[in-house]
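As structure tokens, the structure follows; a few thoughts come after it.
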Amino acid sequence: MSSDKIAMCDLKGQYEKIKHEVDAAIHNVLNTTAFVKGQDVGGFQDELAQYIDVKHVIGCANGTDALQIALMALGLKPGDEVITPDFTFIATVEVVALLGLTPVLVDVRPDTYTLDPQQLERAISPRTKAIIPVHLFGQCADVDEIMRIANKHGIPVVEDNAQALGARYTFANGPSRMAGTMGRVGTTSFFPSKNLGCYGDGGAIFTDDDALADEIRAIANHGMRVRYHHDRIGVNSRLDTMQAAILRVKLKHLDAYNQARIAAADYYDSRFAQCPHLNVPQRNPQSTHIFHQYTLTLKDVDRELLISHLSSFGIPSMVYYPIPLHNQKAFAPYAQNNQAFPVSTELAQTVLSLPMHTELTQETLQFIADKLLAFF
Ligand SMILES: *Cc1c(COP(=O)(O)O)cnc(C)c1O
């Protein structure tokens, strides 16, 4: 059974329910001892490709590597500008700087917290060579608008889909596609707490482009296509067999897991929507929201006091993210002429994420909502 303690993300409770399947998958890998490039790696890549309906899924060591390899494969040169939102996990912009590219930060929308297309359009310059929208907290950014702007300028889009694997976006003209498969290339992370998490680190890159996929595979494998023939500088980044085996088991449950998150979010919404101190997370009408995080914004509330109030009842809560990228010490050199980021600055001060995972019971949800509302 899962422990009684309320968790932000209950990996233990989830494991208990699929222990039989997971343990068998791990034992199978142990018996083959093919710890690297074992059968489960190819098997998982094929199954995930089918699930998100993309031609190529290339596993790698983590979601940060996935972004780095994707950018390397696009052949960007030092000094090229890459646009990312100002409000996201650091990895998105970190790899840009690491490759000697120039990050250009853009503010986000106050309602969905995703890249603001109007600000994006203004940030485009002749040196812009990639745009990385982040499908933050479990829903897609404004893909229609972002793709329109990107296509107009011939700029490739790299979707950072670490938080929205399994979300679906419906284009204004009708068709729909899975998050991570709409840009030139998409990336994801299988960090344990992500919607599809493994039991360690893992990541993947998605593309429909055969030539790009070939380049990505080579880069992830020391720039090598034929053994000991190194065509370019690459990296060593692999999804190991044990993680792939676990992911094969968990992929079968992903839709049910995401449904459980949506049900929990619906309940939170129903309890908090009327509270004058809480803004419930707005949903992009063109995207499903699979709630990697359930993130409220607070109105006229002392956030620290609320966090300790919740904590006194054993309810954890987290601030994702407390410092917008433009205020991070490491990114000071990239701050653009004192450009203001009013929305991300405000969000960093007002967001609060509540427990969100696949094992939340009605009883726990009710307890969390009751105690939160009792604060006011
Ligand atoms: C988790 C995450 C990453 C990085 O994934 P790792 O597997 O931890 O390297 C990148 N971008 C976003 C938005 C993330 O949430």
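The values are calculated or read from the model by the stated rules, or taken from the named source; none is laboratory data. It should be emphasised that the depicted structure is a prediction, and the values quoted were computed from it without experimental measurement. A quick note on method: Cβ atoms are made from the backbone with ideal geometry, for glycine too, and the neighbour counts reach across all protein chains shown. We work out accessible area using only protein heavy atoms, side chains counted, and drop any ligands, DNA or RNA first. Shrake-Rupley method; radii C 1.70, N 1.55, O 1.52, S 1.80 Å.
Structure notes:
- Kirkwood analysis of the Cα pair distances in region 125-171 returns a hydrodynamic radius of 11.2 Å.
- Computed from the Cβ-Cβ distance with R0 of 25 Å, the FRET efficiency linking V226 to A34 stands at 0.70.
- Region 254-374: relative contact order in percent, alpha carbon pairs under 8 Å with at least 6 residues between: 36
- 15 Å Cα-Cα reach of K17 towards aspartates and glutamates, excluding residues that sit fewer than 8 places from it in its own chain: E359
- Amide H contacts of G202 (H built 1.01 Å from N, under 5 Å, at least 5 apart or other chain): G63, F190, F191
- The chain shape via C-alpha gyration tensor axes, a/c threshold 1.5: oblate
- Across region 96-111, coupling constants 3J(HN,Hα) worked out from phi with the 6.51/-1.76/1.60 Karplus curve, θ = phi - 60°, read 4, 5, 4, 8, x, 8, 9, x, 10, 8, 10, 5, 10, 7, x, 8 Hz, and Gly and Pro carry x.
- Considering only A123, A73, A167, the Gaussian network model of the chain with Cα springs below 10 Å gives its largest mean-square fluctuation to A123.
- In a simple Cβ point-charge model (Lys, Arg +1; Asp, Glu -1; nothing else charged), region 208-325 has a dipole of about 340 debye relative to its Cα centre.
- Lys, Arg +1 and Asp, Glu -1 on Cβ, resulting dipole of the chain about Cα centre, debye, nearest 20: 480
- Placing R0 at 30 angstrom, the Cβ-Cβ distance between I307 and R127 gives a FRET efficiency of 0.10 after rounding to 0.05.
- Cα-centre dipole for region 254-374 with unit charges at Cβ (Lys and Arg positive, Asp and Glu negative), debye to 20: 260
- Virtual spin-label span in nm between E346 and K19, 7 Å along Cα→Cβ: 4.8
- For H222, the amide hydrogen comes within under 5 Å of the amide hydrogens of V235, N236, S237, counting only partners 5 or more places away or on other chains and with H modelled in the peptide plane.
- nm² value of the averaged projected area, convex hull over the Cα atoms of region 254-374: 9.4
- Atom-type composition of the exposed protein surface of region 254-374 places 53 percent of the accessible area on carbon and sulfur (1.4 angstrom probe).
- Sites matching chymotrypsin sites (Phe, Trp or Tyr not before Pro) across region 13-91 that sit in DSSP coil, with at most 16 neighbouring C-beta atoms within 10 Å: F35
- Per residue of the chain, the DSSP helices (runs of n ≥ 4 H) give a summed -39500 (n - 2.57) that works out to -12000 deg cm²/dmol at 222 nm.
- Relative to one another, the C-alpha centroids of region 139-209 and region 319-334 are positioned 23 Å apart.
- Taking the DSSP beta bridges with both ends in the chain, the antiparallel portion is around 65 percent.
- For region 207-217, 3J(HN,Hα) computed residue by residue from phi via the Karplus equation (6.51, -1.76, 1.60; θ = phi - 60°) reads 7, 9, 8, 4, 5, 5, 4, 4, 5, 4, 4 Hz, glycine and proline entered as x.
- Å² of accessible area per residue within the chain, as computed with a 1.4 Å probe and no ligands counted: 43
- Among G75, G223, G13, residue whose mean-square fluctuation peaks in a GNM of the chain (springs only between Cα atoms under 10 Å): G75
- For region 1-129, relative contact order (Cα pairs under 8 Å, six or more residues apart, normalised by length) works out to 16 percent.
- Trypsin sites (Lys or Arg not before Pro) restricted to region 1-90 and DSSP loop, no more than 10 other C-beta within 10 Å: K5
- Positive-end extreme of charge dipole, region 254-374 - chosen from P281, T358, A340 (charges on Cβ): A340
- Of the residues L212, L136, V96, the one whose Cα sits farthest towards the positive end of the charge dipole of the chain is L212 (charges of +1 on Lys and Arg Cβ, -1 on Asp and Glu Cβ, taken about the Cα centre).
- Seen from every direction in turn and averaged, the convex hull around the alpha carbons of region 17-126 projects onto 10.3 nm².
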